[in-house]
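Visitor: Below you'll find the structure I mean.
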Ligand SMILES: [Zn+2]
């Protein structure tokens, strides 16, 4: 399984991180191929000359275990999550329990968001429930590349980016998932999105620029 974290550097030098990957202290699901050389988000930031304290904003797309593994390292950042996801998880939904120590650490400072929001100029949060309640995707406007949509787990694979897509095993609500997928299809058209990055698409991953390379 391929899983990505994304780092955005703004024109005024802010660092926005999106998700933090799989935690070291939670066993992988049986049958998962393990990449011995897989690096953590902390290692990746270090390779870029950054420390977790240099991250100003941490966008939490949702609290599934493979997205929150190192949240507790980012106590200096503002963590941004959809209110619906935060409330479902905080209420004790078992799905979000295994990595709770990471996303619900007392040192973390959350900002709760209701629906689609322009977080910073050129960086918008798009509410895309269905995989989980209160999932969010991210739309970034880059000066040369144009608009990049990080679908995250609203659309995990390129082949699922169709109006009548089926739900996958881990999806919470097929109706909401389809509505969110259609919302993203519309957005791609309307905003002339140049690149859509799917949440767990190993094939697409091979074709993408990865740190220290970047899209500008
Ligand atoms: Zn995921």
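Quick note: the coordinates plus some simple rules give every number you see, no bench work behind them. Quantities reported herein were computed from a predicted structural model and do not represent experimental measurements. Neighbour counts are summed over all protein chains in view; Cβ atoms, including those assigned to glycine, are modelled from backbone coordinates with ideal geometry.
Visitor: Give the shape of segment 11-79 as rounded, prolate or oblate, defined through the alpha-carbon gyration tensor: a ≥ b ≥ c are the square roots of its eigenvalues, a/c under 1.5 means rounded, and otherwise the shape is prolate if a/b is larger than b/c and oblate if not.
Guide: Prolate shape, in that a/c is at least 1.5 and a/b is the bigger ratio.
Visitor: Across the chain, how large is the tail of the calculated P(r) beyond 31 Å, expressed as a percent of all Cα pairs?
Guide: Distances greater than 31 Å cover 13 percent of the Cα pairs.
Visitor: Now for a separate question. Please check: in the Gaussian network model of the chain (C-alpha springs, under 10 Å), which one of 163, 30, 106 has the largest mean-square fluctuation.
Guide: 30
Visitor: Stretched out fully, how many nm does the piece from residue 107 to residue 28 gain, at 0.36 nm a residue minus the Cα gap?
Guide: That works out to 25.8 nm of additional length.
Visitor: Only Cα pairs within less than 10 Å get springs; with that Gaussian network setup on the chain, which residue of 42, 113, 18 has the largest fluctuation?
Guide: Result for the chain, Cα springs under 10 Å: 42 fluctuates most.
Visitor: Here is a further query. For Cα pairs less than 8 Å apart in space and 6+ apart in sequence, what is the mean separation divided by the residue count of segment 109-216, i.e. the relative contact order in percent? Show your work: numbers first, answer last.
Guide: On the way: 179 pairs, mean separation 28.5, N = 108.
Reported as a whole number, the value is 26 percent.
Visitor: Over segment 6-205, what is the relative contact order in percent, taking alpha-carbon pairs closer than 8 angstrom and at least six residues apart? List each step's numbers first, then the result.
Guide: Values: 369 pairs, mean separation 30.7, N = 200.
Rounded, it is 15 percent for segment 6-205.
Visitor: Equivalent ellipsoid semi-axes for segment 25-142, as square roots of 5 times the alpha carbon gyration tensor eigenvalues: give them largest first, rounded to whole Å.
Guide: 22, 20, 15
Visitor: If each residue's Cβ is checked for other Cβ atoms within 10 Å, how do 32, 117 rank with the fewest at the top?
Guide: Result, fewest neighbours first: 32, 117.
Visitor: Additional query: Could you check the simple spin-label distance between residue 203 and residue 100, using points 7 Å along Cα→Cβ, in nm with one decimal?
Guide: Taking the two extended label points, one gets 3.9 nm.
Visitor: Sticking with this structure for a sec: Within segment 76-216, what percent of beta bridges assigned by DSSP are antiparallel, to the nearest 5?
Guide: Rounded to the nearest five, the antiparallel share is 60 percent.
Visitor: Order these by the 10 Å Cβ neighbour count, fewest first: 128, 145. Kindly include the intermediate steps, with their values, before the conclusion.
Guide: Values: 128 29, 145 14.
The fewest-first ordering by Cβ neighbours comes to 145, 128.
Visitor: Between residue 2 and residue 116, what length in nm is gained on full extension when 0.36 nm per residue of separation is reduced by their alpha carbon distance?
Guide: Fully extending the segment from residue 2 to residue 116 adds 38.4 nm.
Visitor: Something else: Distance in nm between label sites at residue 173 and residue 142, each 7 Å beyond Cα in the beta-carbon direction?
Guide: According to this spin-label approximation, the distance is 3.3 nm.
Visitor: Using a 10 angstrom cutoff on alpha carbons, build the Gaussian network for the chain and name the most mobile of 144, 109, 90.
Guide: With Cα springs under 10 Å in the chain, the top fluctuation among 144, 109, 90 is at 144.
Visitor: Could you state the number of Å between the C-alpha centres of segment 163-216 and segment 68-138?
Guide: So the two Cα centres are separated by 19 Å.
Visitor: Which length gain, in nm to one decimal place, applies between residue 50 and residue 194 when the Cα-Cα distance is subtracted from 0.36 nm times their residue separation?
Guide: 49.0 nm
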